[in-house]
Amino acid sequence: MPKTDPSLQALLAKGLHLPVSSVNAAFTLLPSNSPLAYLGNPQLVGPGTSPYQVLSLATLDLHAQLDGASSCNGVMNYTWNNTAMNGHLMPADGEPGQDNFTITGTDGLYTPNSLFGLPTSAAADTITVDFLPDPANPPAARACADVKVVNPPDQVLHLDFAGQGHSDYTAPRTPSGSYSASADLTWHYSWDMHIPHFQDLQRAVGNGLDWFLGAAQASVSVTGTTTATDPFTGKTCTGPPVVSGNTGAPFAGPAAVPSTVSTPYPIVHMYVETFGGGVYHLCDGNAIFGIGDQVPGYPGDDPGPGIYRFDLDLSQFVGKTTSMTMPVAGSFLPAPDNTDTGMVTYTGTLTISTTAPAASPSSLRKR
């Protein structure tokens with residue numbers, strides 16, 4: 001038997017890990033007490049090749065694999081790390097952890113960031129997995145992969161809102177008497193907005209909330225009769241609603257959510273404005289609504305007479321040609337601490353449709 005090189009014997013005594021490709025790999029039988037082991041070709045396996053691409057509305061499955069170590073499943077420790085510029089990494093089996101964790105599972109799930117807005121960085125996220133047969137010792141191997149978030153093809157979501165409503169209120173104005181007003185209106189207007197990111201809408205931030213303003217198309221129709229009586233000024237009027245205020249109303253889009261909260265795909269909280277939006281007023285120029293609370297950070301989560309809130313399942317529209325109708329209704333009375341009296345009611349139909357883009361995205365896994 002040939003003599004062993006003392007320097008090699010010293011390395012063997014400390015433990016030696018040799019990265020060897022599984023292609024044309026050569027295995028050497030050593031004495032049973034030798035600490036030398038072969039573990040080859042560490043990989044992070046996903047669909048396609050690295051850099052892996054994941055739609056901004058999908059979830060990417062990644063599998064940690066080390067040739068020759070399949071019998072260690074459930075015993076081997078895997079330390080996962082993610083640069084987390086455009087998405088987050090979590091264990092696939094429900095174990096706790098995000099972006100930097102050690103588990104015995106071999107699978108991780110990468111989920112792109114919030115639905116709204118494009119990826120925050122053009123660079124890919126780098127994900128690494130260290131294979132640890134014994135957590136007390138250095139890793140036996142490391143696998144790396146890059147993940148790039150890509151956007152599904154752009155398409156237009158069309159909303160059409162036809163409705164009618166009644167509003168009346170009386171506001172005490174002592175000693176001259178009470179101001180009274182009413183409105184009976186019919187409306188029809190529509191919006192076009194780009195999905196899946198609503199990237200064409202104006203984003204607004206206030207009071208810790210984010211929301212989006214989608215301007216209506218030019219063919220806005222709001223008709224009907226309004227009345228107002230003001231004993232303080234002695235003026236009384238009857239006539240159609242008058243228009244003044246923000247250009248672009250009535251608005252629609254994703255409703256307000258806390259700035260620190262990501263809205264998950266596929267359910268998006270949406271709103272549309274009723275009664276023509278805030279630009280339509282009584283014949284004397286005052287507000288159509290005199291009752292009903294409107295929380296700060298319009299349009300907030302609490303319902304108000306000027307908006308209709310609903311949840312939209314984008315998975316029913318992204319990459320598809322489809323149309324659906326939704327009944328709309330609302331009824332409001334004065335808040336308990338409101339000295340005004342009155343009511344607001346409305347009904348209508350909301351039609352939502354879209355046409356599939358030329359290149360439809362692949363199937364999406366719901367978050």
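Here are the numbers for this structure:
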| read-out | value |
| --- | --- |
| Residue, surrounded by the fewest Cβ atoms within 10 Å (Cβ to Cβ), within region 307-343, restricted to residues that are within 23 Å of Gly276 (Cβ to Cβ) and without any contact (Cβ under 8 Å) to a residue 24 or more places away in the chain | Pro327 |
| Residue count, region 237-257 (criterion: surrounded by 20 or more Cβ atoms within 10 Å (Cβ to Cβ) and closer than 27 Å to Thr170 by Cα) | 2 |
| Whichever residue in region 204-224 is hydrophobic (A, V, I, L, M, F, W, C) and either outside the structural domain of Tyr346 (by TED's automatic domain parsing) or modelled with pLDDT under 90 (or both) and, among such residues, is surrounded by the fewest Cβ atoms within 10 Å (Cβ to Cβ) | Val205 |
| Members of region 225-236 that are surrounded by fewer than 18 Cβ atoms within 10 Å (Cβ to Cβ) and touching a residue at least 40 places away in the same chain (Cβ under 8 Å) | Thr225, Thr227, Pro231, Phe232, Lys235 |
| Residue within region 113-124 that is closer than 21 Å to Ala58 by Cβ, of a type in the set (A, V, I, L, M, F, W, C), modelled with pLDDT of 95 or more and in contact with a strand residue (DSSP E or B) (Cβ under 6 Å, 6 or more places away or on another chain) present | no |
| Enumeration of residues in region 160-176 that are assigned to a strand (DSSP E or B) and at pLDDT below 85 | Pro172, Arg173 |
| Qualifying residue in region 138-159 (condition: at pLDDT 95 or above, part of a strand (DSSP E or B), closer than 28 Å to Leu282 by Cβ and outside the structural domain of Pro47 (by TED's automatic domain parsing)) | yes |
| Check on Tyr52, under 22 Å from Pro138 (Cβ atoms) and either in the same structural domain as Pro266 (by TED's automatic domain parsing) or of a type in the set (Phe, Trp, Tyr) (or both) | no |
| Subset tally (residues that are outside any strand (DSSP E or B) and touching a strand residue (DSSP E or B) at 6+ places or on another chain (Cβ under 8 Å)) for region 225-244 | 5 |
| Tabulated pairs, region 182-200, first assigned by TED's automatic domain parsing to the domain that holds Thr226 and farther than 23 Å from Ala255 by Cβ, second of a type in the set (D, E, K, R) and crowded, with 16+ Cβ neighbours inside 10 Å, C-beta under 8 angstrom, 6+ apart or interchain | Ser182/Asp168; Ala183/Asp168 |
| Residue satisfying condition, being modelled with pLDDT of 85 or more and either among the polar types (S, T, N, Q) or crowded, with 18+ Cβ neighbours inside 10 Å (or both), within set Gly285, Gly277 | Gly277 |
| Tyr189, sole failed condition from (1) closer than 30 Å to Asn151 by Cα; (2) of a type in the set (Ser, Thr, Tyr); (3) surrounded by fewer than 20 Cβ atoms within 10 Å (Cβ to Cβ) | (3) |
| Residues of region 180-201 that turn out to be among the polar types (S, T, N, Q) and under 16 Å from the mean Cα position of the chain (by Cα), as a count | 1 |
| In region 314-340, the residues that are within 13 Å of Thr354 (Cα to Cα) and of a type outside the set (Lys, Arg) | Leu314, Ser315, Gln316, Phe317, Val318, Gly319, Thr321, Thr322, Ser323, Met324, Thr325 |
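The values are calculated or read from the model by the stated rules, or taken from the named source; none is laboratory data. Values in this document were obtained by computation on a predicted structure and should not be read as measured data. Here the Cβ is made from the backbone with ideal geometry for all residues, glycine too, and neighbour counts use every protein chain on show.
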